[in-house]
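Values quoted throughout were computed directly from the atomic coordinates according to the rules given, and no laboratory measurement underlies them. Only a predicted model underlies this, so the values are computations on that prediction, with no experimental measurement involved. All Cβ positions, even for glycine, are placed from backbone atoms using ideal geometry, and neighbour counts span all protein chains on display.
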Amino acid sequence: MSDSGKTKYYVLMEELKKEIISGEKKPGDRLPSENQLSEVYHISRHTVRKALSILEQEGYIEAEHGRGTFVSRKAGRKKGSGNIAVITTYLSDYIFPRLIQGIDQVLTENGYSIIIKNTGNSRIKESRCLEEILEKDVDGLIIEPSKSEILCGHRGLYDKLDFYKIPYVFIQGYYAQMKSKPHIRLDDCMGGYLVTKYLLDLGHEHILGIF
């Protein structure tokens, strides 16, 4: 167990993943051998092997018999599928039909096809949708996060999008720990202020809001 309270294999796994996602280690780069990692991090080969096994299962690295372990070349795969994935919480309620129509119109005008998924505002379903998207050839993702007021419990899937260099933008909200990611959202406070000011300017004093 490390000083951070995390197991040693997990610390190594996180460190290597960070280097891969940041681009410090590029697709096709060879990783140090188990012996080298063992010496650098002062841990056993068994611990190293466990960390590498997790990274391989998650698709970040690939082992080649007799040659070593390499950063997955999938991150460097050629883009140009013409597909843009759109994940929303709902499809048939409120503003969503018009939202999808607008997105589809712009994508079509620019030669793209749309792949639509919906989560029902479920974080579990959002995870499944992201996993499906990661298995497809897509050039980008537009996503409305589910229950965005709660911390994202599947950040690793967004890390994979970064790893595979699939750009994504949040709409209607974003996760607090991912505020730096591109996002488009309505300013409900300003909207409420403007509509109330409009009514006040017309001379109305008794205003009722129904939400």
- Amide H contacts under 5 Å for CYS152, placed H, 5+ residues apart: ALA176, GLN177
- Message: Suppose the chain between GLN36 and ALA176 were pulled fully straight at 0.36 nm per residue; how much longer would it get relative to their current alpha carbon spacing?
- Response: 46.6 nm
- Message: Please give the charge dipole size of region 83-189, origin at the Cα centre, charges +1 on K and R Cβ atoms and -1 on D and E Cβ atoms. Round to the nearest 20 debye.
- Response: 280
- What order, most packed first, do the peptides 176-182, 24-30, 117-123 have when packing is the mean number of other Cβ atoms within 10 Å of each residue? 117-123, 24-30, 176-182
- Query: If you take the charge dipole of the chain about its Cα centre, with +1 on Lys and Arg Cβ and -1 on Asp and Glu Cβ, which of GLY111, HIS154, ILE100 is farthest toward its positive end?
  - Reply: HIS154
- Query: If you put +1 on each Lys and Arg Cβ and -1 on each Asp and Glu Cβ, how big is the dipole of the chain around its Cα centre, in Debye rounded to 20?
  - Reply: 660
- Once amide hydrogens are built 1.01 Å from N within the peptide plane, the residues lying 5 or more places from TYR168 or on another chain with amide H under 5 Å from its amide H are LEU141
- Task: Report, in whole Å, the centroid distance computed from the Cα atoms of region 155-206 and region 1-67.
- Result: 37
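Determine, from the Cβ-Cβ distance of ASP104 and LEU200 and an R0 of 25 Å, the FRET efficiency 1/(1 + (r/R0)^6), rounded to the nearest 0.05.
0.05
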- Sorted largest first, the C-alpha extents of region 83-189 along its principal axes in whole angstrom are 36, 35, 23
- Enumerate the calculated ³J(HN,Hα) couplings along region 15-25 in order (Karplus 6.51 cos²θ - 1.76 cosθ + 1.60, θ = phi - 60°), each rounded to whole Hz, writing x wherever the residue is Gly or Pro. 5, 5, 5, 4, 5, 6, 5, 6, x, 4, 10
- the chain: Rg to Rh, with Rh as the Kirkwood radius over Cα pairs: 1.11
- Note on the structure: Taking Cα atoms only, helix 45-57 is inclined relative to the longest principal axis of the chain by an angle, in degrees rounded to 10, of 40
- The ³J(HN,Hα) series, computed from each phi in region 101-108 with the Karplus coefficients 6.51, -1.76 and 1.60 at θ = phi - 60°, rounded to the nearest Hz and given as x for glycine or proline, is 4, x, 4, 4, 4, 5, 5, 4
- Item | Estimated FRET transfer efficiency (LEU208, ILE184; beta-carbon r; R0 22 Å; 0.05) | 0.15
- How would you rank 106-113, 16-23, 204-211, 36-43, highest first, on the average number of other Cβ atoms within 10 Å across their residues? 16-23, 36-43, 106-113, 204-211
- Message: Can you show me the helix-derived [θ] at 222 nm for the chain, built from DSSP H runs with n ≥ 4 at -39,500 (n - 2.57) apiece and divided by the number of residues, rounded to the nearest 500.
- Response: -12500 deg cm²/dmol
- Task: Could you pull out which residues in region 123-149 have an amide N less than 18 Å from a spot 7 Å beyond the Cα of GLU62, following the Cα-Cβ vector?
- Result: 134-138
- Message: Check which residues have an amide H placed less than 5 Å from GLU144's amide H, if you skip close sequence neighbours.
- Response: ILE87, THR88, THR89, ILE171
- Message: Suppose R0 equals 25 Å. What FRET efficiency, 1/(1 + (r/R0)^6) with r the Cβ-Cβ distance, do LYS26 and SER53 give to the nearest 0.05?
- Response: 0.70
- Item | Radius of gyration, Dmax [region 8-75; alpha carbons; angstrom] | 10.9, 30
